[in-house]
Structures are given as C-alpha cells and as structure tokens.
1. What number goes with the only condition from (1) in contact with a helix residue (DSSP H, G or I) (Cβ under 9 Å, 6 or more places away or on another chain); (2) surrounded by 19 or more Cβ atoms within 10 Å (Cβ to Cβ) that residue 105 does not pass?
2. Spot the failing condition for residue 261; the list is (1) exposed (fewer than 15 other Cβ atoms within 10 Å of the Cβ); (2) at pLDDT 95 or above, and only one is missed.
3. Taking only region 123-158 into account, find how many residues are in a loop (DSSP other than H, G, I, E, B), within 18 Å of the chain's Cα centre (by Cα) and at pLDDT below 95.
4. So which residues in region 109-122 are surrounded by fewer than 17 Cβ atoms within 10 Å (Cβ to Cβ) and assigned to a helix (DSSP H, G or I), if there are any at all?
5. Hey, any hits in region 84-91 for a residue that's touching a strand residue (DSSP E or B) at 6+ places or on another chain (Cβ under 8 Å), in contact (Cβ under 8 Å) with a residue 24 or more places away in the chain and over 20 Å from residue 320 (Cα atoms)?
6. Tell me which residues, restricted to region 301-310, are out of contact with any helix residue (DSSP H, G or I) (no Cβ under 7 Å at 6 or more places or on another chain) and either touching a residue at least 24 places away in the same chain (Cβ under 8 Å) or on the phi > 0 side of the Ramachandran plot (or both).
7. Residues that are within 30 Å of residue 139 (Cα to Cα): list the helices (runs of 4 or more DSSP H) wholly contained in region 228-339 that include at least 2 such residues.
8. Select from region 96-108 the residues that are in a helix (DSSP H, G or I) and either more than 19 Å from residue 180 (Cα to Cα) or without any contact (Cβ under 8 Å) to a residue 60 or more places away in the chain (or both) and list them in ascending order.
C-alpha cells in the first residue's frame, strides 16, 4: 500500500476541558468546517479519554463533552457530511493506543515538550496517561488511516511522533499499513493570544474572564471584551512589519483577519493609520456578527442534551465502521490471537 492508495481522510479532535474559546474556534473548528466536503472524508472527535489524563469531575466532564460537540455543530460541522463522535464510545482508540505504547520509545516521549510544560516540576506525581497520551493521539489519527490532520503549531510535534510510530510499525512488521500523516498548519490566528497579554496564549483557565472570548459568550459580552482588550497608544502601522514588537496589536489584527477570511496584510491596508477608537469597535462588530449566532445555537443545543447524545452515538457507529476493520488488521499483523 502506498501513500497514494490511502483514502484522503482528515482526523482531528478537541479535548473537553474548561469550555471552548475563540482560540479553539479559529485555530481548529473553523478550519474543520472549511475542510468538510473539500475532497476529504472528515472525522472529528471530542477526545474525552485525553481529558482524564488529569482529574475531571465526572458530571462536569459529560457536560463539557456535550459542549464541545455543540460547538462543532453550531459552527457548521454537519453530522451527515462528517463523522462526529466522542472518543470513549469507540473502544478501538484505547486498544490501538496500547499497541502504540509498545511501538513508541521512551526517548521519543521524553522529547515531548507539551508534557514538560504541563507537568512542570511535579513530573513524578502526574498520571502515566499524561506522559503517554501522545501515543493515544497517534492511535486516534491512525485508527482511521488519516492522511491529514489540521493542527496548531503547538501540536505539530505530536503529528511528527505519529509519523514516527507509523514508520516504525511498518518497518518492524514489514508492512505498508499505516500512512505517514501530514500536519496541516495554515492561515492567520492559528495561535490566538490573550486579550490582556498578547505574549500569552488565550486559555480556558486564565485568571480573568476578560482575557478570552468564550464560545458561549453572548453578543454584548463579546463586544465588551474586544472594546476593552489591551492595546498600545500607537495607531495601526502602514505595513505588517510595524506590528513586530506590538503583540496585543498583532493579536487583534490576526483575529480580525481570521474572522473575516482575509490576510493580515489586507487588514493593515484597510486600517493603516487608524486609531483603536476606530479599529476595536469594527473588530467587535465583526466578532458579534460571526460568533453570536454560534453561541445562540450552542445554547439551544445544550438545552437538548438527548439530541447531542443521539448525534454522538450515531457518529460513533459510523466511526467504528472504519476503525474496527483497521484494528482487526493491526491485531493480525502483530500476531494477537482472537478466537
């Protein structure tokens, strides 16, 4: 089997922890919607098994899982065009994850920068799952023979690990079974920054709610947060290079460009010389136009959890139609006996 013989298929997922932000939307969900029907089979997941690498309140985890699903749906993921499910309903993810634990090398895991960032100085006390989760992420992707994964720059290392695991498995068992997945990293605002500190990534867990745009924020809240976002005294420059040492300004320009499907250069061309009294209200209006309908639809969906569960359950059935045969072939390749 060669790379060209694999069905062009996209896989990606979002972890249900702490609520969705504008960063999730621009860096992930908006791109997922754009890849839907663009020559790929699209498989999108709520990766709830990844969430439990750190402690989660069980009731809150179920609610958060539904909220991520609602975010997908409200943003334009069509469960008839894409497969949408939560990871825990497809047991093949965990099974292939174990096989990949036995393929991946400890040295590879030790190089994962995200583990070092998350564990900090407390590495001896974190869960084994937090250490090993990149091999489960590889299983998430390769269980569907996914050829492309839309990711942010901070996840590129995990896709590279996925490629290493696929290559080692193929080499060890003398097969050409798993594809070498391509990370898809493109477009502005892939890394959306904090509205109060442009040097920090927008986070679900930031101290102040004014730091971020939540996907559940209503129109008034969205407008207020952008109008109060931190800026500097200088007007917007004539060229993009003029934003080099202005992180808050660059962040707002990037957000505008991503929401309006234009390049940052085009935004600067339109607003060169403008003060923040002109630009921030324009950004607020644009954000309300694009995001408020999503938050309204998310609220409607969250008021009908049985419908979300039905969609996820049907998606899991469709996901297993792809995953189960691939796992069966993997077991046969490895030599695992099943009666």
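1. All conditions pass for residue 105, except number (2).
2. If we test residue 261 against (1) exposed (fewer than 15 other Cβ atoms within 10 Å of the Cβ); (2) at pLDDT 95 or above, just (2) comes out false.
3. Here the count works out to 2.
4. 109, 110, 113, 114, 116, 117, 118, 119, 120, 121, 122
5. No, because not a single residue in region 84-91 is touching a strand residue (DSSP E or B) at 6+ places or on another chain (Cβ under 8 Å), in contact (Cβ under 8 Å) with a residue 24 or more places away in the chain and over 20 Å from residue 320 (Cα atoms).
6. Of everything in region 301-310, just one residue is out of contact with any helix residue (DSSP H, G or I) (no Cβ under 7 Å at 6 or more places or on another chain) and either touching a residue at least 24 places away in the same chain (Cβ under 8 Å) or on the phi > 0 side of the Ramachandran plot (or both), namely 309.
7. Correct list: 276-302, 305-334.
8. Scanning region 96-108 gives 97, 98, 101, 106, 107, 108.
The values are calculated or read from the model by the stated rules, or taken from the named source; none is laboratory data. Only a predicted model underlies this, so the values are computations on that prediction, with no experimental measurement involved. Backbone-built Cβ (ideal geometry, glycine too); neighbour counts: all protein chains shown.
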